[in-house]
1. Please report the antiparallel percentage of the DSSP beta bridges confined to the stretch 60-145, to the nearest 5.
2. Percent relative contact order of the stretch 4-84, based on C-alpha pairs within less than 8 angstrom and at least six residues apart?
3. Could you sort 121-134, 4-17, 31-44 so that the peptide with the highest average Cβ count within 10 Å comes first and the rest follow in order?
4. I'd like to know which of Met13, Cys96, Tyr30 lies farthest towards the positive end of the charge dipole of the chain, counting +1 on Cβ of Lys and Arg and -1 on Cβ of Asp and Glu.
5. Using only the alpha carbon atoms of the chain, find the Kirkwood hydrodynamic radius as the inverse mean reciprocal pair distance, in angstroms to one decimal.
6. When the chain is treated as a GNM, springs tying every alpha-carbon pair under 10 Å, which of Pro52, Pro89, Pro117 comes out with the largest mean-square fluctuation?
7. Please determine, in degrees from 0 to 90 and to the nearest 10, the orientation of helix 22-34 with respect to the longest principal axis defined by the Cα atoms of the chain, where the helix direction is its Cα long axis.
8. Could you work out the equivalent-ellipsoid semi-axes for the stretch 4-84, taking the square root of 5 times each eigenvalue of the Cα gyration tensor, largest first, in whole Å?
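Derivation of every value follows stated rules applied to the coordinates shown; laboratory data play no part. Quantities reported herein were computed from a predicted structural model and do not represent experimental measurements. Every residue, glycine as well, gets a Cβ built from its backbone with ideal geometry; the counts of neighbours run over all protein chains shown.
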Amino acid sequence: MITDMNLENMQRMKAAGIRPSYVRMKILSYIRSASNHPTADMIYKVLAEEIPTLSRTSVYNTLCVLEGAQLLRNVSIDGEGMRFDAFMPDHGHFRCTKCGNIFDLEIDVKSAEVKIPSGFTETRRDLFVYGICPHCSGFDESTKK
Ligand SMILES: [Zn+2]
Ligand SMILES: [Zn+2]
């Protein structure tokens, strides 16, 4: 089935100069639709049910290719495994210390006031906020005005 997202993913891969193989398409679509910043292992477990021939190695390799083509980025936090994010505009992350989930935050990361001493070259900036997500704190969305 060709969905809008699949079509868009295919165009993104072509624009990035990589071949939109079946596995690449599956992995990119999964990361985009899961929006929970899955680890390579989570991706493997879910997709292996659909693609019995899938190996962990091909998941890692594919993630590497997609990251190199700037269709994904990795988010690593607290020394746990790398998680993958297909939302490319600059943004921060909220990490729930109870369930461990990572949520996207709208933050103008570049304008955050950080003084980089002279002589240092910044190549990447990540912004993390730690706390408890509404699910874990029992926050009831329906009472929110
Ligand atoms: Zn939580
Ligand atoms: Zn994110």
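1. Numbers: 7 of 11 bridges.
DSSP beta bridges in the stretch 60-145 are roughly 65 percent antiparallel.
2. 31
3. Details: 121-134: 10.9, 4-17: 13.3, 31-44: 17.3.
Descending packing order for the listed peptides: 31-44, 4-17, 121-134.
4. After comparing all options, I get Met13.
5. After inverting the mean inverse Cα-Cα distance, the result is 17.1 Å.
6. Pro117
7. Between helix and principal axis, roughly 30 degrees.
8. On the way: eigenvalues 71, 46, 27 Å².
In descending order, the three semi-axes are 19, 15, 12 Å.
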